[in-house]
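To start, the structure under review is shown below, and the notes come after it.
Derivation of every value follows stated rules applied to the coordinates shown; laboratory data play no part. This is a predicted model, so every value here is computed, not measured. With ideal geometry, Cβ positions are generated from the backbone for all residues, glycine too; neighbour counts draw on all protein chains shown.
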Amino acid sequence: MNDRRAELGEFLKARRAQVTPEDVGLPAGGRRRTPGLRREELAQLAGVGVTWYTWLEQGRPINVSAQVLDAVATTLRLTTTEREHLYRLAEATPIRPKPLACADDLVLTEILAALDPLPAVITNRRFDILHPNRAFSDLFHDWHTLPCIHKNLLWCIVTEPLAREQLLNYDTEVPYLVARLRSAYADHIGDTEWETDIARLRKFSPEFDDLWSRHQVAACVPRPRHVLHPAAGELHFTVTELAVPAHPNLVLFIETPADEQTRERLPLTRLALEIADA
């Protein structure tokens, strides 16, 4: 069974379980063994054969047209992000050619330095920390006390006790990051590094394993991040993600103060200042 088709089947089952008969105008009926729509109900509503849809969820190598996928997506009430994820898994959209790189690491590092005092970092789509600026490293210095196989935003947030204590909106940030990772994973199914990292984190963190099994996907949106810093106190940021067109696998994260109090306290997060005051 192709890994991509298996992932497609799991995604469809997870989404089908979230749509109730009442959502699509069907009577609730008697007791159901599983939540959500039955396969035959979804197939009927989407106008496709039950056998064909069953094979699709089973990950069989069957032909899938964009029109049929669109009917299934509409029945499942998928969001734009979820619909795009479905198309990528079914290989129903062309792969975009990667543009030629027009910036090297030195240039990216200089851009990050210019953003200081705003904390900023460049990661890959797996959230490996590739290029942090000093403001970012200072702000999240305590989040890397445990030995890591590699520095990774999601890994540190999920496994580092201090990160869990200091990230005040942990319960919304972690599910969002896992959903972003799941979205990116559609383009990397079968990639040894991706599969190894995800398997390792699923084994190490039951929380990540549970979130990963939900097959939630998400697009990047500006979002709040609330941090309790040991020296600066409570800080409130807006996290903005910017694509790096010359490097499609990279993302630039910038944390901007969400209020004047955070802007005023931000200098207190700098390690040099703490050392000078000691």
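Brief remarks on what is shown
- Sorting the segments 244-252, 4-12 by their residues' average number of neighbouring beta-carbon atoms within 10 angstrom, most packed first, yields 4-12, 244-252.
- For the pair His144 and Leu268, label points projected 7 Å from Cα toward Cβ lie 2.4 nm apart.
- Full-extension gain in nm, Glu91 to Arg202, via 0.36 nm per residue minus C-alpha separation: 37.4 nm
- Over every Cα atom in segment 105-277, the radius of gyration and the widest Cα-Cα span, Dmax, amount to 16.0, 51 Å.
- Dipole of the chain, positive direction: furthest Cα of Val107, Val68, Ala6, with charges on the beta-carbon: Val68
- Counted residue by residue at 0.36 nm each, then reduced by the alpha carbon distance between them, the extension gain from Asp209 to Val244 reaches 9.6 nm.
- Ala14-Cys220 pseudo-label distance in nm [points 7 Å out on the Cα-to-Cβ vector]: 2.1
- Computed about the Cα centre, the dipole magnitude for the chain is approximately 1300 debye when only Lys and Arg (+1) and Asp and Glu (-1) carry charge, each at its Cβ.
- Cubic angstrom per residue, convex hull over Cα atoms of segment 3-89: 89
- Placing a label point 7 Å from the Cα of Leu106 along the Cα-to-Cβ direction, none of the residues of segment 217-252 has a backbone N under 12 Å of that point.
- Each Lys or Arg adds one and each Asp or Glu subtracts one; over the other residues with Cβ under 10 Å from the Cβ of Leu42, this totals +1.
- Counting 0.36 nm for each residue step from Thr256 to Val24 and taking away their Cα separation leaves a gain of 79.4 nm.
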